[in-house]
Amino acid sequence: MNPRWLLPLFLLLLSVSLLWWWTLGFSAFTVFSYTLKKAGDPPYRVPPLKLACHNGETLLLSQVKGRAFVHFIYLNCYYGCPLSFTKMFYLRNKAGERDLFISVTVDPEVDTLKRLKERWSVLGAFDNWLFCRPEDRDWREKLIRMGVWVYKRKDGLINHTLDIFLVRGGEVRKVIPATGGVQNLEVL
């Protein structure tokens, strides 16, 4: 082998190796997919995230009874959140009353319980759909452990995970990806 090619070959191998390591084996190319991959493959434990809900209830996400569909939103979101709500409505219409639906704000400083209750009313006021806000100081860390990325930008917009998490028995059993249409939501 020509010695002139050794250094470029070494640098190429080093670059590919670093990229493989950085993307968790070429499986996570965005901060969202990286955070989800670091949480592990389902089923995995839900962190004990304390939530205050629009109806006055307080619950621990890790102790929700039955099956719950959980997604993360904020009320001033005009981009991805409406699409996520559409998927939640689809799931609710398919599942009916037997499951719980939980919308958790990632902007608890702005999304008060009063505002959450108003939005709940506007969207149909279903008894089995809770609009909640995190109560823990370390709620961001707990969401990361669950596979949810949240980042508040300087302009006030919040980049966050739009996946829907199917939770049962204190575990994330399935992650319904944000990508794809509602036809791909055959999890019932």
Net lengthening on full extension, residue 135/residue 57 (0.36 nm per residue, minus Cα-Cα) | 26.9 nm
Taking a ≥ b ≥ c as the square roots of the Cα gyration tensor eigenvalues, with a/c under 1.5 meaning rounded and otherwise prolate when a/b beats b/c or oblate if not, segment 60-106 comes out oblate
Counting DSSP beta bridges in the chain, what percent are antiparallel, to the nearest 5?
-> 65
For segment 19-123, the count of lysine pairs 8 or more apart or interchain whose alpha-carbon atoms are under 27 Å apart comes to 17
Convert each backbone phi in segment 81-98 into a coupling constant with the Karplus relation 6.51 cos²θ - 1.76 cosθ + 1.60 (shift: θ = phi - 60°), then list the ³J(HN,Hα) values in order as whole Hz, x for Gly and Pro.
-> 4, x, 5, 5, 4, 4, 5, 5, 4, 4, 4, 5, 5, 6, 8, x, 7, 7
Tell me which label goes with the value of Cα extents along the principal axes in Å computed from the coordinates here: [x] 62, 35, 32; [y] 73, 37, 29; [z] 149, 18, 14.
-> [y]
Taking Lys and Arg as +1 and Asp and Glu as -1, residues besides residue 160 with C-beta under 12 Å from its C-beta add up to +1
So if we plug the beta-carbon distance of residue 117 and residue 30 into 1/(1 + (r/R0)^6) with R0 = 22 Å, what FRET efficiency do we get, rounded to 0.05?
-> 0.10
In order through segment 103-110: 3J(HN,Hα) via Karplus (6.51 cos²θ - 1.76 cosθ + 1.60), integer Hz, x for Gly, Pro = 9, 10, 6, 9, 9, x, 5, 9
When the helix-only estimate is applied to the chain (DSSP H runs of n ≥ 4, each -39,500 (n - 2.57), divided by the residue count), what is the mean residue ellipticity at 222 nm, nearest 500 deg cm²/dmol?
-> -9500 deg cm²/dmol
Net charge near residue 139, counting Lys/Arg +1 and Asp/Glu -1 over other residues with Cβ under 13 Å of its Cβ?
-> 0
Under the Karplus relation 6.51 cos²θ - 1.76 cosθ + 1.60, θ = phi - 60°, what is the ordered set of whole-Hz ³J(HN,Hα) values for segment 120-126, x standing for Gly and Pro?
-> 4, 4, 4, 8, x, 6, 6
Work out the charge dipole of segment 40-184 with +1 on the Cβ of Lys and Arg and -1 on the Cβ of Asp and Glu about the Cα centre, then indicate which of 56, 85, 175 is farthest towards its positive end.
-> 175
Near residue 142, which aspartates and glutamates are there with a Cα under 18 Å away, not counting those fewer than 8 places off in the same chain?
-> 41, 107, 109, 163, 171
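The numbers here are math on the coordinates, done by the rules we state, and not lab data. Just so it is clear, the model here is predicted, and its values are computed rather than measured. Backbone-built Cβ (ideal geometry, glycine too); neighbour counts: all protein chains shown.
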